[in-house]
Amino acid sequence: MSKIDHSLFNAKQHALEKEYEVCPECGSELVIKHSKSGPFLGCASYPACSYIRPLAHHDNHDIKVLEDSPCPECGNHLVIRNGRYGMFIGCTGYPECHYIAHDEQDSEAEHNVDCPKCHKGQLTKRKNKFGKFFYSCDRYPHCKYSLNQQPVAQKCPECGWAVMVQKQRSGKAVLQCPQKSCQHKIENQSE
């Protein structure tokens with residue numbers, strides 16, 4: 001017999017325990033609706049009123065303003081924030097300034113690879129929402145170039161593309177051109 005309290009995982013039971021809520025736009029009752037992304041609260045008089053709200057709130061708030069650390073892009077103070085994907089350090093001038101401090105900046109400083117698409121930015125290591133690493137131009141959203149493998153600043157001898165990616169094939173390090181039309185491979189002699 002299972003000792004799990006299944007009522008903790010039931011969205012309807014959770015909503016029934018909450019007080020009756022009214023729609024702030026039209027005054028009708030808010031009911032639980034379901035989508036492919038999960039349950040949410042929506043107005044009962046839909047489609048006349050299209051008010052929706054997430055069932056679970058993500059507590060996005062500022063924890064502490066760092067007065068001794070100015071933003072390197074705009075000069076405003078930096079702040080420690082609790083966001084959707086955890087804590088991070090960002091600029092208080094958001095949304096005008098989109099600066100976010102990254103932990104990997106110091107360790108990746110020696111891997112400066114110029115962006116082969118815009119020729120103005122650098123390819124930097126980033127993490128997606130699933131925890132996987134990728135490399136993209138630091139001039140995003142102006143340049144949307146990205147790679148899934150680690151870039152190496154070496155020109156492709158076949159097509160002349162300015163960057164190759166490092167892969168593992170049969171236990172050996174291989175450099176491969178990221179261009180779909182080329183895909184030229186060379187064994188990495190540096191290891």
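Miscellaneous remarks
- Annotation note: chymotrypsin sites (Phe, Trp or Tyr not before Pro) in segment 125-191 located in DSSP loop regions with a Cβ neighbour count of at most 14 within 10 Å are 130.
- Shape class of segment 137-191 from the alpha-carbon gyration tensor: prolate, with a/c at 1.5 or above and a/b greater than b/c.
- Spin-label pair residue 144-residue 128: with each label point 7 Å from Cα along the Cα-Cβ axis, the two points sit 1.4 nm from one another.
- Over 27 Å between alpha carbons, listed pairs 36/125; 129/185; 36/180; 33/132; 129/167; 36/167: 36/125; 129/185; 36/180; 33/132; 36/167
Each reported figure results from applying straightforward, stated rules to the coordinates on display, with no laboratory input. As the structure is a prediction and not an experimental result, all values here were calculated from the model. We place every Cβ from the backbone using ideal geometry, glycine too, and count neighbours over all the protein chains shown.
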